[in-house]
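Worksheet for the structure shown next.
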Amino acid sequence: MTMAGDLLDDLLNTAGPRPLIVIASNRGPFKFKEKDGELVAERGSGGLVTALAALAEQYDVLWVAAALDKADRAWIEQTGNKPTEVENVLLRMVHPSRLRYDQYYNVIANPLLWFIQHQLWDIPRAPSITRETWKAWTNGYVAINKLFADVIVDSVKDSRRPVIIFPQDYHLYLVPRFLRECLGDRVQIQPFVHIPWPGPDAWRILPEAIRSDILVSLMASDRIGFQTLHDAFNFVQCCRFYVPDAHSHGSRSSINYKGRKVEARAYPISIDVDKIRSVLEEGETRLLKSQMINAIGDHRLILRVDRIEPSKNILRGLEAFRALLEMYPEHRGRVHMMCLLVPSRMEVTEYTDYLREIMAQAGMINAEFSDQYWEPVRILVGESYPRALAAMQLYDVLLVNPIADGMNLVAKEGVLVNQRDGVLVLSERAGVFYELGDQALVVSPFDIYSTAQALHQALTMPPEERHERAEAMRKQVEGADVRQWFYRQVDDALTALNSQARNSSTPGTPESNMSEASRTEAGVSSDSTPTASA
Ligand code: GDG
């Protein structure tokens with residue numbers, strides 16, 4: 001870890017075409033641990049970090065994230081909260097009070113927005129929007145989004161380079177508007193939404209004022225990235241439906257609002273193919289794999305790997321396995337279901353209750369069907385990415401049946417590393433369905449009966465067909481690595497900066513709303529025009 005100083009000046013203020021990429025996300029890319037009085041950085045876990053780990057290889061990156069624990073706060077103290085280099089990335093944190101953070105994260109973002117976007121509500125009972133919710137909105141969500149924007153503005157306001165800002169996910173929907181108010185049109189603002197964007201009806205749950213704050217803020221972006229075209233279209237529909245002056249003029253992928261045309265684009269996220277292959281070669285993964293081979297014996301393996309999260313639909317997955325054993329008794333004694341479950345949000349009652357129900361259901365299946373030689377369900381709770389990758393190499397069937405999922409990286413990792421021509425049983429409501437649906441056995445996440453039939457079809461599929469499907473899915477994943485996911489977004493922002501510069505330097509073209517001063521400031525001029533390959 002080195003202090004900012006000259007490096008920071010170089011990176012933030014260099015004039016010229018090399019863009020500065022700013023990523024803003026609730027959780028940062030590192031976890032700090034104290035070791036011998038020193039703070040040591042470890043790469044964090046989760047879909048977002050997995051996906052973004054590759055980008056610092058090619059671009060200068062400033063990452064702004066919230067301080068989440070004591071070690072993060074110690075890091076802020078140690079660095080004076082200046083952007084500081086950690087493993088090739090400049091890191092800077094926002095430091096909200098505990099109360100505000102709790103309101104933003106545990107009242108608004110996770111229960112309310114996550115539940116709306118995955119449509120998890122038990123509508124007759126929840127949610128109730130109370131005075132506390134409103135307070136949490138204003139003092140938590142709005143305030144912390146503003147804090148993020150302030151820190152970004154402070155970091156880039158003197159930059160003379162093109163600046164592209166990528167706020168990540170549902171925690172930061174209000175950042176685009178705050179940024180635009182402070183930085184004008186000299187920066188490209190391009191949020192990415194990792195989770196599903198449902199159609200207008202789902203958003204009715206939110207009070208009108210909150211709903212339109214979110215939509216109007218997102219429309220201050222230049223373009224918004226979604227996992228699928230379906231999500232992008234739903235966003236356009238929501239703006240048309242709920243914001244009186246927003247018009248799509250018949251487009252499914254853009255919306256005009258207050259003189260700005262905002263694109264809604266699909267950038268399906270993917271995985272770091274090389275990195276995953278290198279983890280497969282590590283000693284720990286190999287050891288775990290050989291232990292698993294022994295444990296599985298000559299049984300067939302149905303695998304699932306998920307965070308303990310109601311949207312992943314783990315309970316119905318178990319019910320489908322139970323239905324399989326009932327409907328097709330020939331699989332009894334011959335097949336194992338292994339669930340690798342990663343603890344998540346364990347401080348929230350809904351999540352601990354959900355884990356309890358999973359354990360109870362697995363116990364009931366084992367009580368009903370096991371014999372002295374065979375235990376049908378095995379649940380392993382804990383965090384181990386090498387163990388997940390070890391198991392993914394060995395499955396005969398991978399069950400990915402979420403109620404709703406932005407993408408689902410497990411499906412992509414599974415088809416990449418599996419060595420048994422395993423079959424993917426896939427929910428039609430996961431974003432990955434649009435890429436792998438042709439070769440997977442597709443199910444409705446609510447249809448336990450059909451999921452049991454699909455599991456049976458997968459277990460009895462002729463080897464040639466399994467091989468063909470597995471090969472096709474593997475090629476699809478290999479051909480769309482996470483680097484492409486990120487570079488496509490950067491390229492689109494650079495192309496827009498380019499054409500903004502061209503328009504404003506061509507005589508006779510309408511005045512761009514980017515001033516000469518701000519263009520020079522952003523490093524965009526006719527002789528230092530950024531290009532997509534910069
Ligand atoms: C959100 C969206 C979207 C598995 N076990 C462990 C572990 N994993 C890895 C998996 C996979 C990642 O964690 C989980 O990614 P998912 O995409 O499946 O799900 P979410 O966490 O819900 O991610 C999702 C994603 O963002 C990216 O945009 O695809 O739709 O919900 O890579 O293999 N990681 C660690 N320990 C484990 O035990 N560290």
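Summary of values
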read-out	value
Those lysines that a straight Cα-Cα span of less than 18 Å connects to residue 275, excepting residues fewer than 8 apart in one chain	289, 412, 475
In sequence order, calculated HN-Hα J values of region 374-384 (Karplus, 6.51, -1.76, 1.60; Hz; x Gly/Pro)	9, 10, x, 10, 10, 10, 10, 9, x, 9, 7
Partners for residue 312 among aspartates and glutamates (Cα-Cα distance below 15 Å; same-chain residues under 8 apart left out)	350, 353, 357, 405, 428, 447
When the convex hull of its Cα atoms is projected in every direction, mean area for the chain (nm²)	26.2 nm²
Kirkwood hydrodynamic radius (C-alpha pairs) into Stokes-Einstein, region 93-167, 20 °C and 1.002 mPa s, D in µm²/s	152 µm²/s
Whole-number D in µm²/s for region 50-202 (Stokes-Einstein; Kirkwood sum over Cα pairs; 4 °C, 1.567 mPa s)	76 µm²/s
Base-10 log of normalised Debye intensity for region 267-319 (one unit scatterer per alpha-carbon) at q = 0.19 Å⁻¹	-1.00
Calculated [θ] (222 nm, deg cm²/dmol) that DSSP helices of n ≥ 4 give over the chain, each run adding -39,500 (n - 2.57)	-12500 deg cm²/dmol
Neighbour net charge for residue 245 - beta-carbon separation under 13 angstrom, K R +1, D E -1	+3
Normalised contact order of region 59-205, rounded percent, pairs of Cα under 8 Å and 6 or more residues apart	23 percent
Low-density loop cleavage sites - GluC sites (Glu not before Pro) in region 49-110, where at most 15 other Cβ are within 10 Å (DSSP)	87
Semi-axis lengths, Å, region 378-506, gyration tensor of Cα atoms, sqrt of 5 times eigenvalues	35, 16, 15
Eligible lysines near residue 33 by straight Cα distance, threshold 23 Å, same-chain separation 8 or greater	70, 82
Viscosity 0.890 mPa s, 25 °C: Kirkwood-radius Stokes-Einstein D of region 204-291 over Cα pairs, µm²/s	159 µm²/s
Fraction of alpha-carbon pairs over 27 Å apart in region 288-414 - percent	14 percent
Average projection area in nm² (convex hull over Cα atoms of region 404-443, one quarter of hull surface)	2.5 nm²
Compactness of region 154-272 as Cα Rg over 2.2 N^0.38 Å, two decimals	1.04
Loop-located GluC sites (Glu not before Pro) in region 399-469, at most 16 other Cβ atoms within 10 Å (DSSP)	428
Packing-based ranking, highest mean first, of 487-500, 128-141 given that Cβ atoms within 10 Å are counted	487-500, 128-141
Trypsin sites (Lys or Arg not before Pro) within region 279-373, DSSP loop, no more than 15 other Cβ atoms inside 10 Å	332, 334
Cα-centre dipole for region 96-248 with unit charges at Cβ (Lys and Arg positive, Asp and Glu negative), debye to 20	200 debye
Cα pair count fraction exceeding 15 Å, expressed as % - region 350-422	68 percent
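Computed from the coordinates by the stated procedures, all read-outs in this text should not be read as laboratory data. Values in this document were obtained by computation on a predicted structure and should not be read as measured data. Neighbour counts are summed over all protein chains in view; Cβ atoms, including those assigned to glycine, are modelled from backbone coordinates with ideal geometry.
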